[in-house]
1. Set the Förster distance to 30 Å, then compute FRET efficiency between residue 56 and residue 108 from the Cβ-Cβ distance, nearest 0.05.
2. How high is the FRET efficiency between residue 13 and residue 71 when r is their beta carbon distance and R₀ equals 22 Å, given to the nearest 0.05?
3. Can you sort 118, 47, 69 from fewest to most other Cβ atoms within 10 Å of each residue's own Cβ?
4. So how many Å³ per residue does the convex hull of the Cα atoms of segment 14-118 work out to?
């Protein structure tokens with residue numbers, strides 16, 4: 001039975017796996033996104049998200065704990081200075097895994113793992129783009145525009161009818 005054994009060994013020894021995940025976490029923190037296999041990305045997410053949560057509390061103790069995992073001063077500094085301030089109000093879910101095409105050599109499932117708050121593509125609306133409307137939204141705008149058009153059309157009809165109602169007798173009365 002495998003109760004409570006949730007980490008993927010990735011076909012490596014314990015020391016090799018810890019070193020690999022520490023290097024991948026450092027690369028993720030430095031570059032904000034990395035491409036790797038899907039299994040490694042899932043293992044990395046479980047490895048790096050507790051470290052990012054730990055970085056929200058900037059104390060000497062938490063810095064030493066994170067350094068014990070990452071073994072890189074520059075990475076720890078960037079994690080506590082830049083990333084921790086950006087994810088301060090996020091209650092978890094700091095990474096996103098996007099599946100890519102399979103690798104050509106061995107057909108391994110590839111994935112892109114990235115920090116959510118550092119993405120330029122998702123989540124932010126572009127400045128010049130229009131908002132996407134729904135059917136309800138479009139019908140409301142048509143209903144809002146409809147009375148204005150109806151009023152304009154009604155005014156045109158009134159002018160046409162008054163012009164048509166003028167008979168030769170009324171033109172004579174005006175002195176034309």
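What follows is calculated from the coordinates using simple rules that are stated; it is not laboratory data. This one's a predicted model, so the numbers in the text were calculated from it and none came from an experiment. No Cβ is skipped: glycine too gets one built from the backbone with ideal geometry, and neighbour counts run over all protein chains shown.
1. Numbers: r = 34 Å, r/R0 = 1.13.
My answer for the efficiency is 0.30.
2. Working: r = 17 Å, r/R0 = 0.79.
With R0 = 22 Å, the Cβ-Cβ based efficiency is 0.80.
3. Numbers: 118 14, 47 21, 69 18.
So the ranking, lowest neighbour count to highest, is 118, 69, 47.
4. On the way: hull volume 10.1 nm³, N = 105.
Dividing the Cα hull volume of segment 14-118 by its residue count gives 96 Å³.
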